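Values quoted throughout were computed directly from the atomic coordinates according to the rules given, and no laboratory measurement underlies them. Everything quoted here is computed from the prediction, not taken from an experiment. Ideal geometry is used to build each Cβ from the backbone, glycine not excepted, and the neighbour counts take in all protein chains shown.
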Amino acid sequence: MDIRPLSKHVGAEVSGIDISKPLPDNVFQKIDDGYNRHSVLVFRDQKLTPEQHIAFSRLFGELEVSPRTQFALPGYPEILVLSNIIVDGKPIGNADAGRTWHTDMSYTRTPPRGSLLYAREIPVANGRVLGDTIFSSAAAAYDSLSPELKIKLAGLRAIHRAGAKKYSPGSKLAEAVKDMPDVEHPVIRTHPVTGRKAIYVREGEVTYDAVDAVPDQLRRRMLSLRAFDEAGMIVGADLVDGRTLEDAIATRLADKRAAYLHAHFAKYGCYAARIERA
């Protein structure tokens, strides 16, 4: 087995292994170490049954079940189907996934460690394979911040809301999560194994809202945190050198220098494990 970095900041390819089969503890430990280090792992040319998909995923920890249960693979609630295919007038999967930068399920009190994606059918248009997935390193983005801004962000917490996500016109997906309560997470999270810090705010789950405990004057000076597009709020945030923290933080997350365009995922049988939280 070999683990080869795919970029400077994020992503590595794991070759010479069949993840459909049981793995010795020492082999999986190398995979887990690579996952902690590279944040995204790619396994090409895999053939997995749903049972094998679930078994390999469970090696990383207990599995979460998505609240969008209408798109679960029949008989396998742990597997969420992502698809734009319509059968009998109804979508067979969630066609609204991945339209914006996001971290899966950050709107839950204890977000999952990551997500494991298995490509079964890839769209092709005019001979061009579509479906590239872009991963951005929030850890590399944090590393690039100035020491002054890192101090400013230390200890701040952001409000995450499931119902704040943006969906396509006419989408009913928000109904599945609209009643979930708000949660707070640190703006900067620390990886429990590597100790590396990462920015943990983005479009969608972070929302601007009033906070009763915050005086009006301070609230007006708070960040309208558009991690990418969505308005958001960080509890206790202020201005930095005449700019909002939006300008200082959000652009870092979308900075191409901290991102890795993962074009390898656009292939049948490609399996990717990605870290969602530190």
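Each label was represented as a point 7 Å from its Cα along the Cα-to-Cβ direction; for M180 and L59 these points are 2.8 nm apart. For F56, the shell of other residues with beta-carbons less than 11 Å away shows a net charge of 0, using +1 for Lys and Arg and -1 for Asp and Glu. Going 7 Å from the Cα of T194 toward and past its Cβ, which residues in the stretch 129-144 have a backbone nitrogen under 20 Å from where you end up? Those under the cut-off are 133-144.
Taking each of K150/K178; K8/K30; K30/K178; K8/K152; K30/K150 in turn, the alpha-carbon distance tops 30 angstrom for K150/K178; K30/K178; K30/K150.
If you bin all the Cα-Cα distances of the stretch 19-106 at 5 Å, starting from zero, the percentages per bin are 3, 11, 17, 22, 21, 15, 7, 3, 1, 0. Once the chain from I92 to R109 is taken as fully extended at 0.36 nm per residue, the excess over their C-alpha distance is 3.3 nm.
Tell me, what is the FRET efficiency for R120 and S144 to the nearest 0.05, using R0 = 41 angstrom and their Cβ-Cβ distance as r?
Details: r = 36 Å, r/R0 = 0.89.
E(calc), rounded to 0.05, equals 0.70.
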